[in-house]
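**Student:** Sharing a structure here in structure tokens format.
The values are calculated or read from the model by the stated rules, or taken from the named source; none is laboratory data. Small disclaimer: the values here were computed from a predicted structure and weren't measured. We place every Cβ from the backbone using ideal geometry, glycine too, and count neighbours over all the protein chains shown.
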Amino acid sequence: MMDVAAEYVRDVEKIAPCPEVALDVLSMAHAADCSIPKLSEKIEQDPGLTANMLHMANSAYFGHMKKITSVKDIIVRMGVDAVKIISITSASVGLLRSPQAAYALGRGELWRHSFAVAILANIIARNAKARDTSAIYTAGLLHDVGKVILDRPLQVASYSRDENGEQEPLLTVERRLLHTDHAEVGMALLEKWGLPEAVSVPVGLHHDMTQAQSKRLGVKIIYLADQLVHLTEYDAGSPGEFFFDVLAYESMKEELPEVPHFENNMRLIIEEFVDKYQDAVAVFSL
């Protein structure tokens, strides 16, 4: 089905324009010889990205007391990993905030869910002592990007086949009508954009723990974070009470991958996730 997925992203620029500066920033920041002046210069080519990054850098999410006033400030005081997180988060808003009618998602809902998965995955990764937490965060943020590509084809296929609205698992519907799914298409898209396997593979397998590569820690973390966010009831657009469905978690726990240090620290991880999500989500205008 990967050949089918590749077909859907062949002319992707017409559907989901590549966030070029943010992806250049990720590539530069991943380089062993990362140059801070060049990284700053690249980010500053996009005024909207720069503004979003400064808003996020000064939010309670990062907890800095002294105001950050420039991109170079972000890099010097917060480090390259923080730059990767802030730049891709800022760029993802424009890519993921549009409504996705085929998936019954209103404006901003896809991005809010994706942002929640990214934050939770980052916390789980840190507790698991994962090596590349910024790649795991990015995979969490982009895990459902394939829905942006498949939204229109899925609408057309559903209409032309006169779907009667019977409840079927999302992946079953995608595969039956389109012969691929949003995870495969998301992986093909990120490969086309040149993102590393540490990002693209967890995106491609976030619904599939049966493959050999599913044993990778990053894949396990994205799968787990996505499932946990679905068990968390929250108003993604405003502060409010969060409710984590512990009973649902207990009923499905045996089906979830084992991630180091998660089970023993789950309560603290969920609490930190709620605090960080509420602090950060208000920064972005959807």
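**Student:** Restricting the search to the stretch 274-286, which residues are in contact with a helix residue (DSSP H, G or I) (Cβ under 9 Å, 6 or more places away or on another chain) and either modelled with pLDDT of 95 or more or within 25 Å of L247 (Cβ to Cβ) (or both)?
**Tutor:** Correct list: K276, Y277.
**Student:** Search the stretch 235-254 for residues that are within 14 Å of M266 (Cα to Cα) and pair each with any residue that is aliphatic (A, V, I, L, M) and modelled with pLDDT of 85 or more when their beta-carbon atoms are under 7 Å apart and the residues are at least 6 apart or on different chains.
**Tutor:** From the stretch 235-254, the pairs are F244/L231; F244/I270; D245/L231; Y249/L231.
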